[in-house]
1. Which of rounded, prolate, oblate describes the range 119-196, given a ≥ b ≥ c as roots of the alpha-carbon gyration tensor eigenvalues and a/c under 1.5 marking rounded, otherwise prolate only if a/b is larger than b/c?
2. Give the longest segment of the chain that steers clear of GluC sites (Glu not before Pro) in DSSP loops with at most 11 neighbouring Cβ atoms within 10 Å, not counting the sites themselves.
3. How big is the Rg/Rh ratio for the range 100-145, C-alpha atoms only, Rh by Kirkwood, two decimals?
4. Over all alpha-carbon pairs in the chain, figure out the percentage whose distance exceeds 35 Å.
5. With a ≥ b ≥ c the root eigenvalues of the C-alpha gyration tensor of the range 236-308, is it rounded (a/c under 1.5), prolate (a/b larger than b/c) or oblate?
6. Can you sort 88, 50, 100 by how many other beta carbons sit within 10 Å, fewest first?
7. Rounded to whole Å and ordered largest first, report the semi-axes of the equivalent ellipsoid of the range 64-185 derived from its Cα gyration tensor (root of 5λ).
8. Using DSSP to call loops (not H, G, I, E or B), can you name the trypsin sites (Lys or Arg not before Pro) in the range 117-179 whose Cβ has at most 13 other Cβ atoms within 10 angstrom?
Amino acid sequence: MSLDPVVEVLLGQLAEAGGLPLNEMSPSEGRAMYQAMNADAVKQPLTEVTDTDAAGVPVRIYRPSAQDNLACIVFYHGGGWVIGDLETHDGPCRRLANATGAVVVAVDYRLAPEHPFPAAQDDCYTATCWVADNAAALNIDASKIAVAGDSAGGNLAAVVSLRARDENGPKIAHQLLIYPATDAAMNTQSYSDNADGYMLTRESMAWFWQNYLGTDYLGTDNQTNPLASPLMAESLANLPPATIITAEFDPLRDEGEAYGEKLKAAGNDAEIVREDGLIHGFISLVDGVPAADKAVTSFSGKLKIALG
């Protein structure tokens with residue numbers, strides 16, 4: 001398919017505005033830019049939104065209704081392990097809670113390069129265990145805990161699912177991986193086809209991986225560690241059912257789809273959905289891009305069904 005026409009206009013406006021590319025910014029500059037990009041996102045009302053501490057990891061809890069024993073989605077934000085936070089994804093988390101009817105627990109994990117790998121995935125796993133251990137106090141159904149995330153957050157959701165399997169951790173009911181990063185090698189066809197011009201560039205993705213894993217990470221144990229690159233896991237058997245969402249014009253498209261195919265080959269229930277015409281980061285474009293709004297509505301519905 002061709003690029004969505006509304007997205008094409010948006011990308012043209014961004015190109016005309018100019019500014020430094022992300023990979024030429026400092027992490028603090030990148031964070032300020034990302035926060036500004038998401039500052040005007042629609043924030044749907046909810047019954048309750050609370051910030052608290054999950055065994056030392058800050059989290060924000062979104063409750064869509066006063067109903068007891070709701071399902072729960074532990075959400076890990078995107079931003080390349082470097083530039084996202086609770087505020088950049090406040091709008092998407094509110095929407096996800098309302099659309100699914102589930103409590104959403106957003107994890108404010110430590111960011112690189114100040115806290116490089118494995119800090120982010122350690123925090124995400126710790127927070128997920130805390131959610132499961134405190135299900136009664138949180139008034140959620142411990143048998144209906146899903147993990148979800150976009151981009152780097154999709155990577156972290158996949159990694160938490162692996163750790164929960166291998167470390168006798170929480171039973172995860174579903175994993176929603178939204179255009180996930182699954183392989184630090186960056187050597188797929190979609191990295192060539194979509195290297196530049198579609199918001200997330202190949203150079204920016206290299207900047208993210210370098211901040212997370214180390215400047216010279218290629219060829220090191222960090223690159224192939226399945227807790228950084230889950231596509232490298234020796235076995236993907238016995239993992240939670242998964243929904244993998246990719247975008248056509250995204251450098252990460254092929255590795256996300258490869259992860260979904262590997263999940264299926266290992267005997268898991270996995271659905272791969274490619275959103276044609278869209279770009280990386282489309283969950284933050286729902287207010288102005290009808291196709292993005294439709295895609296988010298669709299995968300939210302899938303997760304609601306998966307959680308019963």
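1. Prolate, since a/c reaches 1.5 and a/b exceeds b/c.
2. 1-113
3. Values: Rg = 12.6 Å, Rh = 11.8 Å.
Ratio of gyration radius to Kirkwood radius for the range 100-145: 1.07.
4. Details: 5247 of 47278 pairs.
Pairs farther apart than 35 Å: 11 percent.
5. Numbers: a/c = 3.29, a/b = 1.47, b/c = 2.24.
Cα axes put the range 236-308 in the oblate bin.
6. 50, 88, 100
7. Working: eigenvalues 100, 54, 30 Å².
Calculated on Cα positions only, the semi-axes equal 22, 16, 12 Å.
8. Answer by residue number: 171.
Quick note: the coordinates plus some simple rules give every number you see, no bench work behind them. Model, not experiment: these values are computed from the prediction. Using ideal geometry, Cβ is built from the backbone for each residue, glycine included, and neighbour counts are taken over all protein chains shown.
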